[in-house]
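See structure below.
Read-outs: derived from the displayed coordinates by stated rules, not from any lab. A quick note: this is a predicted structure, and the numbers were derived from the prediction, not measured. When we count neighbours, we look across all protein chains shown, and the Cβ atoms used for this are built from the backbone with ideal geometry, even at glycine.
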Amino acid sequence: MMTVSKEQIYRQLAKIAGPDGKSDLISLGLVSEIVIRDGVVAFALNIDKERAAELEPMREAAEHAVGQMEGVNRVNVVLTAHRPGGSAKPRRAGRSAIDVPGVERTIAVASGKGGVGKSTVAVNLALGLAKLGLKVGILDADIYGPSMPRLLGLGDTPMPESRERVLTPPMVFGVKAMSMGFLVGEETPVIWRGPMVISALDRMLRSVAWGRLDVLVVDMPPGTGDAQLTMAQKVKLAGAVIVSTPQDLALVDARRGLNMFRRVDVPVLGLVENMSYFLCPHCGARSEIFGHGGARGEAGRLGVEFLGEVPLDRLLRERSDQGRPIIVSDPDSPHARIFRDMAAQLWAGLEADNHDNARPFPEIVVE
Ligand code: ADP
């Protein structure tokens, strides 16, 4: 028997109108985590307590829509009044991919798992693109561990000014930066559910005064779960960069990341191998402690551009922790050159892909 996926159910629920009768349940971030077991599907719709009776038809509509799907035997939808954090409701909700006005191209920096240096690479790549003379923005969409405030030395910066709900991104090292960390604080534990992630992301994209940008670099949450997949679909992406470490296990994750973008028809612009080899801070010798080069070979096999390898290096880590990205703090270092080259190669790839950029955003077809 056919099984149904959470993603298919989210797609189905994106067709159901929410309490306002206009925006859909997904855009409004009302759907809880979906549980699927042996064809039985259960989830909750978060609503205002007072409206429970009035919204019973909405609950029934959701139950009916999912009940009709192939692979679903039974559906259990409940209305709850529990909305953790629930302030991130988008003002305008739409089913189509978010296309940020004024932003020429949006690229995602992703990784199959956490801790591979995705944010470090994202920041240095963004600054590298700025060094090419481009107008660059960086959006830290890593809601599970927003690290941009720290990486850019904005740790104590209060949330950017909010004028009629418009957020002004601070300008730092010549790029405009916005982070979930500004909204929720780096230390605040937030339990995000897929649809809420999307609501928050929607706000970060649409309610931020990005101005005119050549490139917006999005630091994605690590991994390839529902939230990431939906994000990859929701944002109109010109392409994605995947960061991996040389260990085999991480490459398995990287492959998963690659497949995720391919599934939603976003071109993968390249693979970056981080912590590729160890650069001795004393003698400058290079040791390949993880047996480096896995990503380059993998990129070749997968038909993806290889953007380069970044050494495992103490200076690089220290600069990150100091909020002084290496590409600006030590512009003459070999690391800075690596990131500059990477940015140039990435930009060249984007330019080559230019004709593709105007294509309409693909919809996932659920069979
Ligand atoms: P992710 O975004 O994948 O979770 P981060 O960019 O936050 O990863 O990096 C995780 C940790 O590893 C940070 O402390 C960072 O400074 C460090 N790090 C990242 N890349 C390197 C590198 N090439 N050499 C040394 N340390 C690194």
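Brief remarks follow.
- The listed peptides 207-217, 268-278, ordered by packing as a protection proxy, come out as 268-278, 207-217 (highest mean of other Cβ atoms within 10 Å first).
- A straight Cα-to-Cα reach below 28 Å connects K49 with the lysines K6, K15, K22, K89, residues fewer than 8 places away in its own chain not being considered.
- With each label modelled as a point 7 angstrom along the Cα→C-beta vector, the A53-A285 pair spans 8.0 nm.
- Two-site FRET efficiency, A344 against Y144, from Cβ-Cβ distance with R₀ of 30 Å, rounded to 0.05: 0.45
- Among 144-154, 32-42, the order from most to least packed when residues are scored by Cβ within 10 Å on average: 144-154, 32-42
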